[in-house]
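*Asks:* One structure, as structure tokens, below. Some questions next.
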Amino acid sequence: LASRDFHPADTVIKIKGVEIGGEQLVVMGGPCAVETPEQIDEIARLVKAAGGQVLRGGAFKPRTGPYSFQGVGVEGLIMMAEAGKKHGLLTITEVMTPEYVDVCAQYADILQVGTRNMQNFDLLRKLGTIQTPVLLKRGFSSTYDEFLNAAEYILAGGNPNVMLCERGIRTFETYTRNTLDLSAIPVLKQLSHLPVISDPSHGTGRRELVVPMTKASVAAGADGLIIEMHTDPDNSMTGDGVQSLFPDQFAKLLVDLEKLAPLL
Ligand code: PEP
Ligand code: MN
């Protein structure tokens, strides 16, 4: 079902007036994690002012270590839903277990499956039973075939609203946190009809690389971007402050993307 042979036309996912996979470049911006009502409200305001369409933020965080901050949970879903509504943004948040799919879908417009859960087949099957759009992140050691098979689980269950997200893979290089596989963007667009989103934040792990890799992703044909942005990245509650853009960088980047669009 994910294959372009089966479905030649691009899939366009429509959510409250925003089209993902169509003509419009969709920008999802926000913190790694929802922290406080004030934090998410202020960041939502800045995402909207810059021209973004979707507010990102994790309420349930998949942390490598069990003692690290794990997210604020359902409270965070509520804070983010309020900020999104107030500022006229769609919202995306990560869901980690099948048990939490319904509550996350109650509060968010798009559900994110993180890289570590790409092959959590019970989670994928559960997401196939609802219609809420899903942003499926590529496992950091997964092939394109494994990635598309993971998407297939959701599609096979009856949910056609799946977007694919390249977020960097593990290579021998350690300077960057991950290696953003730019080739994945045109390859996935060729093999599949599903929208392709790039995550240059996790894909590089370094703030100074996010701007160039965002532009490169757009040039490579991405339908959208998911970018971490924080008002106080040095004091963010996850380690992802180092890859989060400052609000002014985020705003300038979106202006630059507008200029890039007519060239492509
Ligand atoms: C995130 O988006 O904050 C995240 C944890 O992403 P990934 O699953 O790609 O590491
Ligand atoms: Mn993050």
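The values are calculated or read from the model by the stated rules, or taken from the named source; none is laboratory data. Quick caveat: nothing in here was measured; it's all calculated off a predicted structure. Virtual Cβ from ideal backbone geometry, glycine too; neighbours counted across all protein chains shown.
*Asks:* Scan the stretch 93-118 for residues that are touching a Lys or Arg at 6+ places or on another chain (Cβ under 7 Å), over 15 Å from Ile130 (Cβ atoms) and not polar (S, T, N, Q) and jot them down.
*Replies:* Gly114, Met118, listed by residue number.
*Asks:* Please list, ordered by residue number, the strands (runs of 3 or more DSSP E) wholly in the stretch 1-94 having 1 or more residues that are among the aliphatic types (A, V, I, L, M) and within 16 Å of ligand 2 (Cβ to nearest atom).
*Replies:* On the way: elements: 13-15, 18-20, 26-30, 54-56, 90-94.
In the stretch 1-94, the matching strands (runs of 3 or more DSSP E) lie at 26-30, 54-56, 90-94.
*Asks:* Further question: Against the condition within 16 Å of ligand 1 (Cβ to nearest atom) and surrounded by fewer than 24 Cβ atoms within 10 Å (Cβ to Cβ), how does Gln39 come out, does it pass?
*Replies:* yes
*Asks:* Continuing with the same structure: I'd like the residue in the stretch 23-57 that is free of Cβ contacts under 8 Å to residues at least 60 places away in the same chain and of a type in the set (Gly, Ala, Ser) and, out of all such residues, is nearest to Gly221 (Cα to Cα).
*Replies:* My answer is Gly57.
*Asks:* Among the residues of the stretch 112-119, is any touching a helix residue (DSSP H, G or I) at 6+ places or on another chain (Cβ under 6 Å), touching a residue at least 12 places away in the same chain (Cβ under 8 Å) and over 22 Å from Glu166 (Cα atoms)?
*Replies:* No, the stretch 112-119 contains no residue that is touching a helix residue (DSSP H, G or I) at 6+ places or on another chain (Cβ under 6 Å), touching a residue at least 12 places away in the same chain (Cβ under 8 Å) and over 22 Å from Glu166 (Cα atoms).
*Asks:* Filter the stretch 183-200 for residues that are part of a loop (DSSP other than H, G, I, E, B) and within 15 Å of ligand 2 (Cβ to nearest atom) and give the result. Spell out how you get there, then give the answer.
*Replies:* Of the residues in the stretch 183-200, the ones part of a loop (DSSP other than H, G, I, E, B) are 183, 193-195, 199.
Of everything in the stretch 183-200, just one residue is part of a loop (DSSP other than H, G, I, E, B) and within 15 Å of ligand 2 (Cβ to nearest atom), namely Asp199.
*Asks:* If you don't mind, there's one more thing I want to ask. Do we find that Gly114 is crowded, with 20+ Cβ neighbours inside 10 Å and within 16 Å of ligand 2 (Cβ to nearest atom) in this structure?
*Replies:* Taking the combined requirement at face value, the residue satisfies it.
*Asks:* Working carefully through the options Gln53, Gln70, Gln24, find the one that is surrounded by fewer than 23 Cβ atoms within 10 Å (Cβ to Cβ) and modelled with pLDDT under 95.
*Replies:* On the way: Gln53 fails: modelled with pLDDT under 95; Gln70 fails: modelled with pLDDT under 95.
Exactly one of Gln53, Gln70, Gln24 is surrounded by fewer than 23 Cβ atoms within 10 Å (Cβ to Cβ) and modelled with pLDDT under 95, namely Gln24.
*Asks:* Does the stretch 205-230 hold any residues that are more than 26 Å from Leu188 (Cβ to Cβ) and surrounded by fewer than 16 Cβ atoms within 10 Å (Cβ to Cβ), and which are they?
*Replies:* Once the filter is applied, which keeps residues that are more than 26 Å from Leu188 (Cβ to Cβ) and surrounded by fewer than 16 Cβ atoms within 10 Å (Cβ to Cβ), the stretch 205-230 yields only Glu208.
*Asks:* A further question follows. Do we find that Asp109 is more than 21 Å from Val18 (Cα to Cα), surrounded by fewer than 21 Cβ atoms within 10 Å (Cβ to Cβ) and modelled with pLDDT of 95 or more in this structure? Can you show your working first?
*Replies:* Numbers: more than 21 Å from Val18 (Cα to Cα): no; surrounded by fewer than 21 Cβ atoms within 10 Å (Cβ to Cβ): yes; modelled with pLDDT of 95 or more: yes.
Here the answer is no, as Asp109 does not meet what is asked.
*Asks:* Exactly one condition in (1) in contact (Cβ under 8 Å) with a residue 24 or more places away in the chain; (2) not in a helix (DSSP H, G or I); (3) not polar (S, T, N, Q) is not met by Glu173; state its number.
*Replies:* Glu173 satisfies all of (1) in contact (Cβ under 8 Å) with a residue 24 or more places away in the chain; (2) not in a helix (DSSP H, G or I); (3) not polar (S, T, N, Q) except (1).
*Asks:* Going by the structure shown, is Gly203 within 30 Å of Leu155 (Cβ to Cβ), within 16 Å of ligand 1 (Cβ to nearest atom), touching a residue at least 12 places away in the same chain (Cβ under 8 Å) and not in a strand (DSSP E or B)? Can you show your working first?
*Replies:* Working: within 30 Å of Leu155 (Cβ to Cβ): yes; within 16 Å of ligand 1 (Cβ to nearest atom): yes; touching a residue at least 12 places away in the same chain (Cβ under 8 Å): yes; not in a strand (DSSP E or B): yes.
Yes; evaluated as a whole, the condition is true for this residue.
*Asks:* Please indicate, with yes or no, whether at least one residue in the stretch 226-237 is within 16 Å of ligand 2 (Cβ to nearest atom), of a type in the set (Ser, Thr, Tyr) and either in contact with a Gly (Cβ under 6 Å, 6 or more places away or on another chain) or free of Cβ contacts under 8 Å to residues at least 40 places away in the same chain (or both).
*Replies:* Within the stretch 226-237, the first condition is being within 16 Å of ligand 2 (Cβ to nearest atom), and the residues that meet it are 226-237.
Among the residues that remain, those that are also of a type in the set (Ser, Thr, Tyr) are: 231, 236.
Checking which are either in contact with a Gly (Cβ under 6 Å, 6 or more places away or on another chain) or free of Cβ contacts under 8 Å to residues at least 40 places away in the same chain (or both) leaves us with none.
No: zero hits.
*Asks:* Give me the pairs, please: first residue somewhere in the stretch 124-146 and in a loop (DSSP other than H, G, I, E, B), second residue anywhere and of a type in the set (Asp, Glu) and at pLDDT 95 or above, beta-carbon distance under 6 Å, and either six or more positions apart or on two chains.
*Replies:* Listed by first residue and then by second, the contacts come to Arg138/Glu166.
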